[in-house]
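See structure below.
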Amino acid sequence: MKPFRYARARDPQEAVQMVAVDAAASFVAGGTTVLDLMKDDVERPSLLVDINGVAGRAIVRAGDEIAIAALARMSDVADDPEIAKHAPMVANALLQSASPQLRNMASIGGNLMQRTRCSYFRDIVAPCNKRRRGDGCSAIGGENRRHAIFGGSESCICVHASDLAVALAAADATIHTNGPGGTRAIQVSDFYLLPRDTPNVETALHHAELISSVTLSLDPALANSTYVKVRDRAQYEFALVSVAAGMEIVGGTIRAARIALGGVAPIPWRVPEAEAALVGRPATAASYREAAEIALAGARGCGGNDFKVALAANAVVRALEQIGSAA
Amino acid sequence: MTKIGTSIPRPDAHDKVTGAALYPADLIREGMLHAKAVFAHRPSARILRIDASTALAMPGVRAVLTAADVPYNRFGLIETDQPLLCEDRVRFSGDRVALVVAQTPEAAAAGASAVKVEYEDLPVLTDPRDALEPDVPRVHEDRSNVLLHQKIRKGDVDAAFASADVVIEGEFSTGWQEHAYLQPDAGIAYWDEQERLVLETAGQWLHEDRRQIAAMFEMPEERVVIRYAKIGGAFGGREDLSLPPLVALAAWKLKVPVAMQWSREESIVGHHKRHPFFITSKWAAKRDGTILAAQTRLVADGGAYASTSAEVLKCATIFATGPYEIANVATDGIVCYTNNVPSGAFRGFGAPQAHFAAESMVTRLAHALGLDPVDVRRKNLYREGSIESTGLPLPAGVGAREVFERCLEEAREVLPVPLHNGAVSPLRRGIGIACGIKNVGYSFGFPEQATATVELEVTPVSIRSANVRIGTADVGQGAHLVLRQIAAEALDLDLERVRMITDDSSEAPNAGSASASRMTLMGGRAVKDACDQARRQWLAGEEPSATVQYRPPRTTPLDLETGEGTPNYCYGYVAQAAEVEVDVRTGLVRVVRVVSVHDVGRAINRRQVEGQIEGCLAQAIGFALTENFICRDGKVLTPYLSTYLLPTALDMPEIHPVIVEGADPNGPYGARGMAEMALVPFAGAVAAAVHDATGAWVSDLPMTPERVLHAIKESTKNRLVTPAMSS
Amino acid sequence: MDSAIPELATAGTLPSAAPAAASILGPGEVQIELEVNGERHELSVEPRVTLLDALRERLKLTGTKKGCDQGTCGACTVLVNDRAIDSCLTLAVMHVGDRITTIEGLASGEQLHPMQAAFVEHDGFQCGYCTPGQVLSAVALVREGRMTGDDAIREQMSGNICRCGAYENILAAVRDGARRMA
């Protein structure tokens, strides 16, 4: 790691101010993402502002809403009984992420700010537009087994690394922030940005804008939900493909559906057409298969990842079956 | 007999659970300089210029060493074709071109990134099959890309194919495998008061490390001392010199203590791997299940330097027919240089790759004949006195049939009748069996010996205690405890009265490497013989100490054209049954249960033997399923443990290790080696189980989800040349 | 040195009590106090020094191992305020005021911690390099009441890679260690 300065902020405003005045400053909470990237020389912040002391780590249920403090650790949220009961896809996504130690360290805000696991992005001698715009994308025409089948561009075909973000996308969660311009609330669907020709810009956050909490609006489709993750080993590994899915089923008929895919796109990939196709249909294998095919309709592989199209469709079916039979 | 066969705990257990055990990186002290290598990070290039001036001007940087600083800049276990620091040519991305020595690790790292090297990139050769073509670039200008082409010719395969009832063909490939010993390469080096260059590190063979390092610095071997700290795993990966001579160079040159540690990435990029193989097979059988002929072509990727490629290749070549006696054999084993990471020793040493193809072919033959794969194996398995494909009878103590029958028995107990779950469930279960054979000890005429010294402290009426000197690496397999148990048994002493002196090349004689499953047999026999002789001398009133060199029955090189010779003096035998669950929607394969039956001759420490079976299976699961090492255009794309996936506790099956004891004629108390065996048939057993579950043959390792899905979708590559018999 | 770093504070002290105003420390060495195994240690580290390196190189507590330095193997597992973490992916300066337990702090004198004794009893290792991390993860999972069965043990231990593959014996050791800790 290159040398850098360090400060412990005492409240969110102070943290935001400290980062705001230094274009190369970053926040640090759990550290599991930023320090990893600093060791690989991919990120070189001049100043790390430690936000662990600026706020609490509570997970609070109020009516039909659960608010998760951004500093809550992944394990806190995964272990929370309200989350497990009312938003199982969120708990499942977290429990299938990383390792117990990393879940004890990584904050929810940090998890959402994870960067891609593309091996070229993490290899500073390989060209990568995300690291330096204009250098080219090594994965296009290179090793792209793990790369995007949706949402890629000529400049970047990476996939987003977070499982939690996929569940939150399916859940229509809201991300609350604290920035130099005050506070704001951003829908997850607006939070992550497609690479287009600016793959270096990944989220709607401005410099020095700090995630303060994530809120979930509870509904029956979130309560009857799951997270299916397909990966190369049993645990402690990123998704080849994943599916966050929830359904409200009444009398055998699907009333509402939530589906988002992970491991397939540079952002968590919500599939509204597939959701719409399920509504009003019977909760049967045929409906699930049809929805899966709709979900993957626009997918396009780039060689090494062609298998993901069928794999993701099968994972959608698996997820819907799990919550279809549970309902 | 009280010390043999008992599960005595490791003497270093306390230190290992309290953190007191000192591994190489734990030896680094204040005041030492730190060395950092400058890696080429390009697979093939000419070095035009190395400019160290900026690096040398940086704070804390003490020296930048290059090829010119190495008196004899060549090393290697078999052939010395690898430079310690590259002179004018880079041959793989992990080549080292300079070594920066500085006051702190940070300064050394900053210095290393400031060394400017001008390269002229050269064409890259990355596929060993291309290496055989005439107009491809040469990896080593002065020699062919074919490192070795070993043939075996026995009988007449063409005639056999013409007369056979069934002939099948298959194509297979296996990937690189990274050792990923959890303790990354590290060491310290310094000059001692006796003006000896001392290197404290981890390795697998004290005296060979010493020989190669003394040669590099043109020093007499006695002036180089190698000491092993606790060794955090090896698995063949520390057989080649990687980091140790670099830190030695810095200390030798600068005459001050120097420390060096590799990051995980440096370790993965910088040391050799298991050889990838491309295998094409054509086998024939009679309708009664007799295997008539096996024709196999194995092309291995040797990478940029020779390492132990020639030996691995020869082993793969003799194991291309598995543990089966086949009348007509034609095998072509070819290993080529490429600009990929060098390949070398890894637990199994060529046998797992060859067996994956051979065991798959045997099961497919059985299917083609409409016979039970069990019966076909039973009909063809080696027995006492069987003639190897190399033309001479096997060494005595052939346990192939015994382990196989025992495996079937155990499997009937342990494995349920597989539930295929009809077409309803996407989770399909299947069972596969496979057999294996693997040499114990060095092969093909390579000088094989182990030497031990035993010094007894005696009274007129009893032996009070013993010093056992034997230079051996305990890489975690428990060699030191086994040797101690053997000495205690031979001398009828309590274990506590046997003192082992094992980790210093100047204090203990050469027992050879901790590899080839050889240390229990070779080192154990040397210890036992030295104990027996020291005891006899004491009883005769002579000096109660003895040094004994044990040499096993001799082996010979194989004739390059025919393969004739005596390849080995001892083999271990194994049979496995594996139950898998295949998710036909995701292509994920989970190994549920494994029965692994081993003829170990005699288990000196039963728990350690079982531990070796279980541990070897963990690596076998990696080899077969999860460890997908990617090297593309000469660049390693899986240089981290986040991208190269080692099995976790959750990836492990229920394991039933079974020990069969058919005494080895040469081993101490009948013991023979076993620590590599579980890797040998495993991938073949899993492939058969996947086929049993899904009807699809997966022919490429590792069995990634996409390969499994593809195999399920497509029909098998294996096709019938002549139709299966009609009867 | 990185020219992007302005010449601000190059040294400082991070007290365990909250400062009057957040001070910017580094990039030079910072005086900190760490509580490790019940003892307070004063040390001087640059902000970039990980907790792992501070333990190993400054405090000479080399029982905590570096296997990957990226949170991918678990060899560097320590307990911070009783929770298992990977000490390679956190900075020493971030742990002022925390209670840190390393493998050296588990035994009471010559008396092994019950989990350590169970690992010895069940031969829960081969090379031993991952063992300190395995033992600490096991202690944490028992203390947190996650010992609900073999699958739960495997899950909770899945962040600790054992390349020697001693998983079977580790599982037996954790089961037994939990009984001994009860």
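The values are calculated or read from the model by the stated rules, or taken from the named source; none is laboratory data. As the structure is a prediction and not an experimental result, all values here were calculated from the model. Backbone-built Cβ (ideal geometry, glycine too); neighbour counts: all protein chains shown.
In the range A:140-151, what count of residues is obtained for those that are closer than 10 Å to residue A:302 by Cα, more than 13 Å from every other protein chain (Cβ to nearest Cβ) and of a type in the set (Gly, Ala, Ser)?
1
Check off (1) at the interface with another protein chain (Cβ under 9 Å from one of its Cβ atoms); (2) closer than 28 Å to residue B:412 by Cβ for residue B:633 and give me the number that stays unchecked.
Every condition holds for residue B:633 apart from (2).
Being in the same structural domain as residue C:171 (by TED's automatic domain parsing) and surrounded by fewer than 20 Cβ atoms within 10 Å (Cβ to Cβ) narrows it down to one residue among C:98, C:151; which is it?
C:151
Of the numbered conditions (1) crowded, with 19+ Cβ neighbours inside 10 Å; (2) within 11 Å of chain C (Cβ to nearest Cβ); (3) under 27 Å from residue C:72 (Cα atoms), residue A:26 satisfies every one except a single condition; which is it?
(2)
For (1) closer than 30 Å to residue C:47 by Cα; (2) among the hydroxyl-bearing types (Ser, Thr, Tyr); (3) free of Cβ contacts under 8 Å to residues at least 60 places away in the same chain, each residue gets a yes or a no:
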site	(1), (2), (3)
C:94	yes, no, yes
C:110	no, no, yes
C:118	no, no, no
C:143	no, no, no
C:168	no, no, yes
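Restricting the range C:57-67 to residues that are assigned to a loop (DSSP other than H, G, I, E, B) and surrounded by fewer than 24 Cβ atoms within 10 Å (Cβ to Cβ), which is nearest to the other protein chains (Cβ to nearest Cβ)?
C:62
Please enumerate the residues belonging to the range C:21-44 that are facing chain A (nearest Cβ under 10 Å) and either at pLDDT below 95 or surrounded by 16 or more Cβ atoms within 10 Å (Cβ to Cβ) (or both).
C:21, C:22, C:23, C:24, C:25, C:26, C:27, C:30 - these are the residues of the range C:21-44 that are facing chain A (nearest Cβ under 10 Å) and either at pLDDT below 95 or surrounded by 16 or more Cβ atoms within 10 Å (Cβ to Cβ) (or both).
Condition first: under 25 Å from the mean Cα position of the chain (by Cα) and crowded, with 24+ Cβ neighbours inside 10 Å. Now tell me which residues in the range B:487-516 satisfy that.
B:505, B:511, B:512, B:513, B:514, B:515, B:516
Of all the residues that make up the range C:145-165, how many are out of contact with any Ser or Thr (no Cβ under 9 Å at 6 or more places or on another chain) and either over 13 Å from residue C:65 (Cβ atoms) or more than 9 Å from chain B (Cβ to nearest Cβ) (or both)?
Count: 12.
Quick check, is residue B:505 within 22 Å of residue B:612 (Cα to Cα) and either touching a Phe, Trp or Tyr at 6+ places or on another chain (Cβ under 6 Å) or at pLDDT 95 or above (or both)?
When the stated conditions are applied, residue B:505 does not pass them.
May I ask you to list the residues in the range A:5-23 that are surrounded by 24 or more Cβ atoms within 10 Å (Cβ to Cβ) and within 8 Å of another protein chain (Cβ to nearest Cβ)?
Hits for the range A:5-23 are A:5, A:6, A:7, A:8.
Can you list residue pairs whose Cβ atoms sit under 8 Å apart, with the first residue in the range A:217-236 being farther than 29 Å from residue B:645 by Cα and the second being of a type in the set (A, V, I, L, M, F, W, C) and at pLDDT below 95? Count only pairs 6 or more apart in sequence or on different chains.
What qualifies is A:224/A:326; A:224/A:327.
Looking at the range A:294-327 only, could you name the residues that are more than 14 Å from chain B (Cβ to nearest Cβ) and either assigned to a helix (DSSP H, G or I) or free of Cβ contacts under 8 Å to residues at least 12 places away in the same chain (or both)?
Those that are more than 14 Å from chain B (Cβ to nearest Cβ) and either assigned to a helix (DSSP H, G or I) or free of Cβ contacts under 8 Å to residues at least 12 places away in the same chain (or both): A:294, A:295, A:323, A:324, A:326.
Which condition breaks for residue B:16 when tested against (1) under 26 Å from the mean Cα position of the chain (by Cα); (2) in a loop (DSSP other than H, G, I, E, B); (3) within 14 Å of another protein chain (Cβ to nearest Cβ)?
In the conditions (1) under 26 Å from the mean Cα position of the chain (by Cα); (2) in a loop (DSSP other than H, G, I, E, B); (3) within 14 Å of another protein chain (Cβ to nearest Cβ), residue B:16 misses (2) alone.
Restricting to the range C:46-77, give me the number of residues that are closer than 17 Å to residue A:35 by Cα and of a type outside the set (A, V, I, L, M, F, W, C).
The qualifying residues number 13.
Working carefully through the options A:248, A:209, find the one that is of a type in the set (D, E, K, R), in contact with a Lys or Arg (Cβ under 6 Å, 6 or more places away or on another chain) and surrounded by fewer than 24 Cβ atoms within 10 Å (Cβ to Cβ).
Answer to the check: A:248.
Identify, please: which residue in the range B:165-196 is charged (D, E, K, R) and crowded, with 24+ Cβ neighbours inside 10 Å and is, among those, nearest to the other protein chains (Cβ to nearest Cβ)?
Once the filter is applied, the top-ranked residue is B:178.
If you scan the range C:89-104, which residues turn out to be over 14 Å from residue C:41 (Cα atoms) and within 14 Å of chain B (Cβ to nearest Cβ)?
Within the range C:89-104, C:89, C:103, C:104 meet the criteria.
Report every pair of residues separated by at least 6 positions or lying on different chains whose Cβ atoms are under 8 Å apart, first residue within the range A:42-67 and of a type in the set (Lys, Arg), second surrounded by fewer than 16 Cβ atoms within 10 Å (Cβ to Cβ) and in a loop (DSSP other than H, G, I, E, B).
A:44/C:2; A:44/C:4
Report whether or not residue B:142 is of a type in the set (Asp, Glu) and part of a helix (DSSP H, G or I).
No, not satisfied.
Just name the residue that is surrounded by the fewest Cβ atoms within 10 Å (Cβ to Cβ) out of those in the range B:585-618 that are in contact with a Leu (Cβ under 8 Å, 6 or more places away or on another chain) and more than 8 Å from every other protein chain (Cβ to nearest Cβ).
B:593
Which of the strands (runs of 3 or more DSSP E) contained wholly in the range A:41-104 include at least 2 residues that are at pLDDT 95 or above and facing chain C (nearest Cβ under 8 Å)?
Because the criterion is at least 2 residues that are at pLDDT 95 or above and facing chain C (nearest Cβ under 8 Å), the strands (runs of 3 or more DSSP E) in the range A:41-104 that meet it are A:47-50.
Under 6 Å by Cβ, and 6 or more places apart or on different chains, what pairs join a residue from the range B:685-699 that is on the phi < 0 side of the Ramachandran plot with one that is of a type in the set (D, E, K, R) and in a helix (DSSP H, G or I)?
Sorted first by the residue in the range B:685-699, then by its partner, the pairs are B:698/B:707.
For the condition within 21 Å of residue B:537 (Cα to Cα), buried (at least 24 other Cβ atoms within 10 Å of the Cβ) and at pLDDT 95 or above, what is the one hit in B:475, B:458, B:454, B:482?
Exactly one of B:475, B:458, B:454, B:482 is within 21 Å of residue B:537 (Cα to Cα), buried (at least 24 other Cβ atoms within 10 Å of the Cβ) and at pLDDT 95 or above, namely B:454.
I'm checking my understanding of the structure. Among residues of the range B:439-472 that are farther than 21 Å from residue B:570 by Cα and of a type in the set (Gly, Ala, Ser), which one is nearest to the chain's Cα centre (by Cα)?
B:471
Before we move on, is residue B:466 assigned to a helix (DSSP H, G or I) and more than 14 Å from every other protein chain (Cβ to nearest Cβ)?
For residue B:466, the condition - assigned to a helix (DSSP H, G or I) and more than 14 Å from every other protein chain (Cβ to nearest Cβ) - is not met.
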